[in-house]
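Reading through the structure tokens given below for one structure.
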Amino acid sequence: MEKLLEVTHLSKKFKDTSVLNDISFDVLRGEILCFLGPNGAGKSTTIHILTAALKKDEGNILFRQKPITQHLSAYKQCLGIVPQELALYEELSAEQNLRFFASLYGLHGKKLSQAVTYALDFAGLSDRAHDKVGTFSGGMKRRLNIACAIAHRPELVIMDEPTVGIDPQSRNYILDSIRKLRSEGMTILYTTHYMEEVEAISTRILIMDHGSIIAEGTNESLKEDIENEKRYLIEVEENGKIPLEEFYSIEGVKSVEIIENTLSITSLKSVENLDRIISLFSVYHEKIKNMTTENASLETVFLKLTGRKLRD
Amino acid sequence: MRCFFTVLKMDLRNLFRNPVLIGYNTVFALLLILIMGFLTSGDYASGKDAFQYYLVTMLIYGMLSGAMTATNCFMERDIRRPNLRIIFSPAGSFSVYFSKTLASFLFDYTMHLLLLALLCPLLHVTLGAQPLYFLLLMAPVEFTAASLGTFFCCLLHTEEAASTLLSMTISLLCILGGTFFSLNGMGHILSMLSSFSPVKWLNDAFFALCCDNSQALAVPVAFGCLIFSLLLTAGCALFFKTEDYL
């Protein structure tokens, strides 16, 4: 597939804090590339640099093999950006909002009207076209927020957590719409915290943490690495009675982590060792309050790569 | 250029639909002129003279307060977020800050012209033998005030900080410039301080036009305002940071 966007050695510092450390990646034409990462991972900073709203310290960004800074206006013309916050005029109607934002991309006359009709239809708001945005529900506003970014049919749509705080119905509608945009030939760069969204729409995933890309691949290929593993989450009344070495002495156990009163034990899927693990708790008179087993999921991959420690 | 005018049209639309700003630039100014003129009418040879004085000084105060229209137009919460989309679009950041300056100028100028159209015949006050000169001189002053408001937003990044600082500065300069009461009879020091206030220069220029039919001060004031506006707009380009919207 053709490379639509090529990002190489991108770095950014805010004062003395490095938020992006020499990251490189490509966005291929027609894909839905999802950025996953905990808070402060550098996702939004990357997005803001790609939208040319934030200056990079180092690195190159090529759009269709040309540096974006040399053809900034042409580059922006090809972009559709869905910001995390609702960027709409509440006092205006949905149609007036769309008409205004689409006209900023040089559309006028019949083309503008067609773009507005297309975007209203996309957002499922044709019947509320003339109502003030201020009277809309959260989900409707979110849909309109996306519609304002795609009315001019951009080549690359950049979405920064576009489904924050909406009901499941609106979320499903938006996810279906994103797949529809891809089928219409648009390329989508999507950031989110929600694993299920990534699993539902992504064609490729980049996982970021501490300003670096720590994993890259498809939903399936990322899971492959840990598909031969399972994880036991055992909640106990009081941690620390059992020396961790005891767990490592059990066949198949690869790692043990303690998070407050929960032990997270990663083991090979092929080895049946649960009875031996549980028996350790009996030996040390440690009472088990709850126990669950996790198989490979994107969330497991994500937590394995980024850790379970709470972030700011 | 088409993008710029699209943004300008939207900014004007937002301003002319804002009842608070319309009220502040018309009803509030009208009340200030009427109340101040009425309360001080005993200090002047005739009531008409009091209204003549306060029409000019309060109008200048209103024109300078137009800086707050610009801060509101630029960074008011509901407008700030859609501005982000303008930054993302090919229209670019110049359209964001300069359209706010231009829209605020056009809005304030229109409001103050309407105010004059109402008050001049009502209070029997004059704008001089050539009222057009008076009206023309208002334009660069209004534009400077709008540029000042936009510049403070670019510099301080928030509407609250920009409006508070501007409001205090304008009020202080107006007090020193003799807007509310003349400082000439209050001793040597106050009189000297007064002469340093640009508001005093504006008062002198406008009074020279309407009372003495003299344009001697109008030309330097107009040019001074235009040069200052250009510097402020250049300052906007320097201090405007798209990051503030992210």
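Observations on the structure shown:
- Residues in the stretch B:1-17 that, when all protein chains are in place, have 30 Å² or more less accessible area than the chain alone would give (probe 1.4 Å): B:R2, B:C3, B:T6, B:M10, B:R13, B:R17
- Atom-type composition of the exposed protein surface of the protein assembly as shown places 58 percent of the accessible area on carbon and sulfur (1.4 angstrom probe).
- In percent, rounded to a whole number, the relative contact order of chain B is 25, using alpha-carbon pairs under 8 Å and six or more apart.
- Over 20 Å apart at the Cα level, from the set A:K254/A:K287; A:K15/A:K55; A:K3/A:K223; A:K56/A:K76; A:K76/A:K180, are A:K254/A:K287; A:K3/A:K223; A:K76/A:K180.
- Per residue, the convex hull spanned by the Cα atoms of the protein assembly as shown measures out at 210 cubic angstrom.
- For A:145-158, mean number of other protein chain Cβ atoms within 10 Å: 1
- The chymotrypsin sites (Phe, Trp or Tyr not before Pro) of the stretch B:113-153 include none that meets both conditions, a loop assignment by DSSP and at most 12 other Cβ atoms within 10 Å of the site Cβ.
- Where the stretch B:2-245 is the region considered: accessible area per residue in Å², 1.4 Å probe: 43 Å²
- Alpha-carbon centroids, the stretch A:41-107 and the stretch A:213-274: separation in whole Å: 42 Å
- Percentage of interatomic Cα-Cα distances in chain B larger than 26 Å: 39 percent
- Efficiency of FRET from Cβ geometry, A:S221 and B:R17, R₀ 51 Å, rounded to 0.05: 0.45
- When both bridge partners sit in the stretch A:3-218, DSSP labels roughly 55% of those beta bridges antiparallel.
- J(HN,Hα) series, the stretch A:205-212, from Karplus relation 6.51 cos²θ - 1.76 cosθ + 1.60, nearest Hz, glycine and proline x: 10, 10, 9, 10, 7, 6, x, 10
- In this structure, A:N172 and B:L114 have a Cβ-Cβ separation that, at R0 = 60 Å, corresponds to a calculated FRET efficiency of about 0.70.
- Cα centroid of the stretch B:15-70 to Cα centroid of the stretch B:73-133, whole Å: 17 Å
- Label separation (A:I258 vs A:K111): 6.6 nm, computed from points 7 Å beyond Cα along the C-beta direction.
- Fully extended contour minus Cα-Cα distance, from B:F94 to B:A234, at 0.36 nm per residue: 49.3 nm
- Count Lys and Arg as plus one, Asp and Glu as minus one, and take only other residues whose Cβ is under 13 Å from that of A:L125; the net charge is then +1.
- Between B:T26 and B:S182, the simple label model (points 7 Å from Cα in the Cβ direction) yields a spacing of 3.3 nm.
- Choice from A:S282, A:S113, A:S137 with maximal GNM fluctuation in chain A (Cα, 10 Å cutoff): A:S282
- Residues listed by number, the stretch A:262-292, amide nitrogen under 12 Å from A:E251 label point at 7 Å toward C-beta: A:270-274, A:276
- Using a Förster distance of 56 Å, the FRET efficiency for A:Y194-B:D212 (Cβ separation, nearest 0.05): 0.20
- Anisotropy class of the stretch A:224-306 from Cα gyration tensor, a/c 1.5 cut: prolate
- Given charges at Cβ of Lys, Arg, Asp, Glu: the stretch A:224-306 dipole, positive-most of A:G252, A:H285, A:F302: A:H285
- Reported value for chain A: 161 Å³ per residue, from the convex hull of its C-alpha atoms.
- Between A:T293, A:T191, A:T51, the Gaussian network model of chain A with springs among Cα atoms under 10 angstrom shows the greatest mean-square fluctuation at A:T293.
- Anchor B:K200: lysines whose Cα lies under 28 Å away (excluding residues fewer than 8 positions away in-chain): B:K48, B:K100
- Global size of the stretch B:1-145 as Cα Rg and Dmax, reported in angstrom: 17.5, 60
- Candidates B:L64, B:L148, B:L226: whichever shows maximal mean-square fluctuation once chain B is modelled as a Gaussian network with Cα springs under 10 Å: B:L226
- Share, in percent, of DSSP beta bridges within the stretch A:133-234 that are antiparallel, nearest 5: 50 percent
- For the protein assembly as shown, the antiparallel share of DSSP beta bridges with both residues in that region comes to about 70%.
- Averaging 1/r across all pairs of distinct Cα atoms in the stretch A:168-312 and inverting the result yields a Kirkwood radius of 17.5 Å.
- Separation in nanometres of the label points that stand 7 Å from Cα toward Cβ, at A:K289 and A:D16: 4.1 nm
- Heavy atoms of chains B and A lose about 2400 Å² of accessible surface on contact, summed over both sides with a 1.4 Å probe.
The values are calculated or read from the model by the stated rules, or taken from the named source; none is laboratory data. Everything quoted here is computed from the prediction, not taken from an experiment. Backbone-built Cβ (ideal geometry, glycine too); neighbour counts: all protein chains shown. The protein model used for the area step is the full one, side chains on, heavy atoms only, and it has no ligands, DNA or RNA in it. Shrake-Rupley method; radii C 1.70, N 1.55, O 1.52, S 1.80 Å.
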